Every structure is written in structure tokens, then in C-alpha cells.
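Participant: This is the structure I have questions about; it appears just below.
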Amino acid sequence: MADLTKLQMEAADRICARYPQIGRKEFRGDITLTIAPEDLLGAMTYARDACGFDMLVCVSSVDNLGQEPRFETNYTITQAETGANLLVRCLISEAECAVPSLVPVWSSANWLEREQYDLMGIEFVGHPDLRRIMMWEGYPYHPLRKDFPVEGKPTEVPGVAFTEKAPTCGGPFATRPGTGTAGEREPRATR
């Protein structure tokens, strides 16, 4: 474990030395680098070529509704041989809502970025085939955004999707959009 932590530290040191504007946070053995969108492609290429991070394992995103920057994309990169991981975070303003695609660096980014585009509405500039992967083309919303109602939105496309709002039956997952915690927004908490 100590060797793995040392490998992660050394790699983070090299990346931060090359890109001094990168933020760095360490917590319980994990290292998170915060990179601006304009530095993302260069820093990730450097992480692959100079530091041996040959796998992009995960691309996810967060909607920080009520904050600016509203969105962030999160990446987990790995050295396959050693198992060393780095977490990379990229903050994105709501107005821009775009980051460079990492498909030129790791082909595994292809479907992962398409998923984030489809469900969160984050644009991946330079992606070779940026189109919806789960929702149908022409669907005007991004269902994982916090301001998207849990019960869904009605559609006028019969046969493709539900034409009525999905019943939630008072389930614990039925929260109102907002900036409070899920517990504060959950309808039963207000009773």
C-alpha cells in the first residue's frame, strides 16, 4: 500500500510540476487534481505519456445546482501495471458547459463522454461522435441534472416513451429540485 501511495504521489508531483496551476488535494490516500478545462487535454496527455497512466477507468459528472461553477467532470485514471490511481476533477461553468474530449488520449472515453453528454448536457469538444447514448435524439432535456423533476416530464412522442409522468407513489426518491440536501428536499421531511 505504501508503494502504491508513493507511486501516486510521485505521479501527481510530476503533473503538478508541469502544470503548476493545477489544484491538488489529498484525502485518505487518494489524490485529486483539479484542472481547468483549457489545461485538461494537455495534462491528461502528459499523465498518459510521461507518468504511465494508460487507462481511463471512469468519467462521471456532478451538478452543483445553485453554485458556480455549476458542473464538474470527474475522471479516474490508472496505471494498469501498478494499480496506481489519480482522480481528476474539472470545473465547468453553466454558461460554457463544455470540456475537451479525451477520446484522442484514451479511446475508452468515447461512450463514457457520450453518457455524460446525454444525461448531464456537458459538451465534449472534439468528440468524434457526440450523440445521445441512452435517450433518443431530439430529447430536449438532461435527466441527471438536479433541476430535472424526478417524476419526469411529459412527452408528445407516443410509442417512444411514456406520455404521462411516472408515478412515484411517495417513494423516498421523490425529491424536489433545489439547493438543499436530498433529506431536506424529500417530501416526507416537510410533513
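Laboratory data are not the source of any read-out in this text; all were calculated from the coordinates shown. Computed from a predicted model, the values in this text were never measured in an experiment. No Cβ is skipped: glycine too gets one built from the backbone with ideal geometry, and neighbour counts run over all protein chains shown.
Participant: Just add up the charged neighbours of Tyr46: K/R +1, D/E -1, any other residue whose Cβ is under 11 Å from the Cβ of Tyr46.
Facilitator: With Lys, Arg at +1 and Asp, Glu at -1, the net is +1.
Participant: In addition: Under 1.5 on a/c is rounded, so check that first for segment 25-83, then, if it is not, pick prolate when a/b is larger than b/c and oblate when it is not; a ≥ b ≥ c are the square roots of the alpha carbon gyration tensor eigenvalues.
Facilitator: prolate
Participant: Okay, next question. Kindly write out, for segment 75-84 in residue order, the coupling ³J(HN,Hα) from the Karplus curve 6.51 cos²θ - 1.76 cosθ + 1.60 (θ = phi - 60°), rounded to whole Hz, with x marking Gly and Pro.
Facilitator: Couplings: 10, 10, 10, 9, 8, 4, 5, 9, x, 5 Hz.
Participant: Also: Rounded if a/c is under 1.5, else prolate if a/b beats b/c, else oblate: with a ≥ b ≥ c from the C-alpha gyration tensor eigenvalues square-rooted, which is segment 1-118?
Facilitator: prolate
Participant: If R₀ is 22 angstrom, what is the calculated FRET efficiency for the pair Asp49 and Ala17, using the beta carbon separation as r and rounding to 0.05?
Facilitator: Efficiency computed from Cβ-Cβ geometry: 0.90.
Participant: Moving to a separate point now. Say each of Glu137 and Glu10 gets a label point 7 Å from the Cα, pointing the same way as Cα to Cβ; how far apart are those two points in nm?
Facilitator: 4.9 nm
Participant: Would you work out which of Leu112, Leu86, Leu65 lies farthest towards the positive end of the dipole of segment 57-136? Charges go on Cβ: Lys and Arg +1, Asp and Glu -1.
Facilitator: The one lying farthest along the dipole's positive direction is Leu112.
Participant: As an exercise, use a Förster radius of 22 Å and the Cβ-Cβ distance of Glu184 and Glu68 to find the FRET efficiency, rounded to the nearest 0.05.
Facilitator: 0.55
Participant: Ordered by residue, what ³J(HN,Hα) values in Hz, to whole numbers, does segment 33-47 give under the Karplus form 6.51 cos²θ - 1.76 cosθ + 1.60, where θ = phi - 60° and Gly and Pro are x?
Facilitator: Residue by residue, segment 33-47 yields 9, 9, 10, 6, x, 5, 9, 4, 4, x, 5, 6, 5, 5, 4 Hz.
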